[in-house]
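The values are calculated or read from the model by the stated rules, or taken from the named source; none is laboratory data. This is a predicted model, so every value here is computed, not measured. FYI the Cβ positions are ideal-geometry reconstructions off the backbone, even for glycines, and counts take in every protein chain you see. Surface accessibility is based on the protein's heavy atoms, side chains included, excluding ligands, DNA and RNA. Shrake-Rupley method; radii C 1.70, N 1.55, O 1.52, S 1.80 Å.
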Amino acid sequence: MWLSRIVYQDLRDQLTATTATRDALFRQVQGMDTTLDWFRVRITQLEHERALMLQNYLGVTVPTLSIEKAPPT
């Protein structure tokens, strides 16, 4: 089966555009993952600091929250 040059060029242009969009979205997701990792570490650190402060000043022991990344399934 033969394709006309116009159909082939349209398909190739669509593939190029789709690949570029996919790559841009992949980079965006990687950046968001990095930001979320920083947030996880920072929130966990703040929760531990808050628990230590409550224990030192009020003598109350509270459980600490630890936010971790879910393992890939």
Query raised in the report: If we restrict to alpha carbons, what Rg and Dmax does the chain come to, in Å?
Result: 24.9, 81
Report task. Mind grabbing the base-10 log of I(q)/I(0) for segment 5-47 at q = 0.21, 0.24 Å⁻¹? Debye formula, identical points on the C-alpha positions, no solvent, two decimal places. Result -> -0.71, -0.78
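Rounded to the nearest 0.05, what FRET efficiency do residue 52 and residue 32 have when you use their Cβ-Cβ distance and R0 = 30 Å?
On the way: r = 31 Å, r/R0 = 1.02.
The computed FRET efficiency comes out at 0.45.
Roughly how many percent of the accessible protein surface of the chain is carbon and sulfur, given a 1.4 Å probe and a whole-percent answer? It would help to have the intermediate numbers written out before the result.
Details: 4370 of 6840 Å².
Roughly 64 percent, rounded to a whole number.
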